[in-house]
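Chemist: Handing you a structure now.
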Amino acid sequence: MDSVSSVKEFIRKQVPDWDDEIMATARFKAFSGQRSDWEPKYLFWKDLILKIARHLDIFIIQPSQVKEEWFNRGGLTPLCLDHVLCLMYNEGDIVRNVDLVDPSSGRISQLFRKVRNLLVRSPVTPEIIMLEDHLFLTPLLKDKTAQIIKCLSESHWTSSCIITMSKFQGMCGGPSEAAPLLSYLSGLGKAQYLSISKEVIEGVKISLSSASVPAISGLDLDVLHLIWTAQKLEDQIDVIDRRYEMSRKSALASLNSGNKKVALRHAREMKLASESRERCTSLLNRVEEVLNVIANAESTQKVTEAIRIGAEAMKQNKITVEEVEHCLEELEESIDAQKQVEKALESNPISGIEDEDIEEELEKLELELESENLQISEVEVGNTSGEMDALGSTDSLTDALSNLKLHDGSARESVSQKSPFPTRTKNSKHAMLEAA
């Protein structure tokens with residue numbers, strides 16, 4: 001499947017109503033009116049362009065290809081696409097080749113070019129955008145540079161590294177992709193171009209941290225030369241290995257055919273290839289030793305710098321060496337205690353215990369459990385009898401209250417008849433007051 005068919009299939013997955021004629025007519029119209037009227041359409045095309053570029057794993061697009069191949073529906077192309085690309089450029093989602101800095105120039109000239117582009121930047125129209133051969137998508141440029149820095153960070157523990165131009169091009173996907181990526185990194189201050197004019201050796205110094213890349217020194221050029229030499233030796237060893245394998249196969253074929261003279265000639269070539277490989281391997285080992293010495297020296301320098309900064313911090317905070325040593329001792333003791341705990345947890349806790357001891361412990365637990373169950377049963381019986389007594393008392397009280405309620409009226413009559421005092425009612429109270 002070619003790239004155009006892949007793009008068509010991807011678009012239909014991302015936009016289910018892509019083949020709908022009514023929706024296509026609305027999307028393919030040119031922009032008109034206020035921005036609020038056509039902004040949803042602009043965001044649709046912008047997001048679709050970025051999604052297709054990520055799908056194809058590219059950050060370089062051709063305006064003519066995008067319009068005539070990606071979004072061509074039976075000869076119809078979006079009338080608004082040139083405005084979409086122009087708006088993306090004005091908003092920083094697209095950069096042109098003229099906007100990228102020259103990585104081979106110095107920092108001062110790069111800064112001067114940036115200022116000049118900002119001051120005398122001419123307006124870009126949709127017609128100018130469509131005439132560009134290549135446009136670079138800024139979000140995908142950022143993603144690709146982040147991917148390269150992450151890959152280099154996995155093999156380098158320093159804050160910056162130096163690689164040859166051929167290796168950088170291989171990581172970027174080719175020379176055409178490496179040029180804008182290096183320009184973009186140089187514009188951000190994250191990379192610098194290296195060159196040794198005597199032997200036409202090119203390389204890149206890249207910052208692997210958030211800081212800008214350090215200035216180029218003479219040591220950087222020496223390291224680049226050594227890395228370039230090591231890569232050349234590795235390539236030469238690969239060529240020798242292939243030549244040796246070809247000679248071995250030819251020698252075997254000659255022996256099978258009975259041509260001993262030709263087989264001896266191929267065997268001689270194998271011997272020469274083996275000797276050449278030994279010499280190249282010896283030189284490669286020496287170069288790698290020198291690179292390791294330089295790397296160790298850089299690490300020693302960083303450690304020395306860290307010690308100096310630590311000493312200054314101790315001096316500013318008035319911390320003595322004895323206090324630091326005491327803290328370190330406490331830290332070591334804590335670490336040792338933690339290790340002992342971990343060892344104790346990892347060891348078998350029941351090793352050396354006999355089965356008889358385990359059975360005795362189980363019998364003791366069973367006896368304790370039976371005694372606890374017996375006590376619980378006694379408590380429950382006592383509680384039950386108490387509840388029954390309380391229930392009986394409650395029933396008696398209820399019956400008494402019921403009888404009291406039933407005989408309330410008759411009791412009152414008998415009391416009034418038998419009592420020597422008159423019954424005191426509301427009317428009698430008033431009569432007594434009148435008599436008084």
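The values are calculated or read from the model by the stated rules, or taken from the named source; none is laboratory data. None of these values were measured; they are calculated from a predicted model. In this analysis, Cβ positions are derived from the backbone assuming ideal geometry, glycine residues included, and neighbour counts consider all displayed protein chains. The accessibility values were calculated without ligands, DNA or RNA, using every heavy atom of the protein model including side chains. Shrake-Rupley method; radii C 1.70, N 1.55, O 1.52, S 1.80 Å.
Chemist: What area, in nm² and to one decimal, does the C-alpha convex hull of segment 125-200 cast on average over all directions?
Modeler: Mean projected area for segment 125-200: 6.7 nm², to one decimal.
Chemist: Over all Cα pairs of segment 132-259, how is the pair count split among 5 Å bins, expressed in % and running from 0 up to the last occupied bin?
Modeler: Going out from 0 Å in 5 Å bins, segment 132-259 shows 2, 9, 16, 18, 16, 10, 8, 6, 4, 4, 3, 2, 1, 0 percent.
Chemist: For the ranges 174-185, 62-73, what's the packing order if you count other beta-carbon atoms within 10 Å of each residue, average per peptide, and put the highest first?
Modeler: Top to bottom by mean Cβ count within 10 Å: 174-185, 62-73.
Chemist: Suppose R0 equals 60 Å. What FRET efficiency, 1/(1 + (r/R0)^6) with r the Cβ-Cβ distance, do Asp17 and Ser210 give to the nearest 0.05?
Modeler: Result of the calculation: an efficiency of 0.85.
Chemist: Using a probe radius of 1.4 Å on heavy atoms only, what accessible surface per residue do you get for segment 1-64? Whole Å² is fine.
Modeler: With the other protein chains kept in place, segment 1-64 gives 59 Å² per residue.
Chemist: Multiply the residue separation of Glu154 and Ile196 by 0.36 nm, subtract the distance between their alpha-carbon atoms, and state the gained length in nm to one decimal.
Modeler: Result: 12.4 nm gained on full extension.
Chemist: Once R0 is set to 22 Å, what does the formula 1/(1 + (r/R0)^6) return for the Cβ-Cβ distance between Ile294 and Lys232, expressed as a FRET efficiency to the nearest 0.05?
Modeler: It comes out at approximately 0.75.
Chemist: Hey, another quick one. Length gain on complete extension for the stretch Arg279 to Asp133, per 0.36 nm per residue less the alpha carbon to alpha carbon distance?
Modeler: Extra length available between Arg279 and Asp133 comes to 47.7 nm.
Chemist: What accessible area, in Å² to the nearest ten, does a 1.4 Å probe give for Ser195?
Modeler: Spelled out: Ser195, probe radius 1.4 Å, area about 60 Å².
Chemist: Per 0.36 nm of contour for each residue apart, how much would the distance between Thr25 and Ser64 grow if the chain were fully extended, relative to their Cα-Cα spacing?
Modeler: 12.0 nm
Chemist: Just the number, please: carbon plus sulfur as a percent of the accessible area of segment 131-192, 1.4 Å probe, no ligands or DNA/RNA counted.
Modeler: 56 percent
Chemist: On average, how much accessible surface per residue is there in segment 131-253, in Å², for a 1.4 Å probe, leaving out ligands, DNA and RNA?
Modeler: 50 Å²
Chemist: Further question on the same structure: FRET efficiency for Arg54 and Arg286, Cβ-Cβ distance as r, R0 = 45 Å, nearest 0.05?
Modeler: Efficiency, rounded to the nearest 0.05: 0.50.
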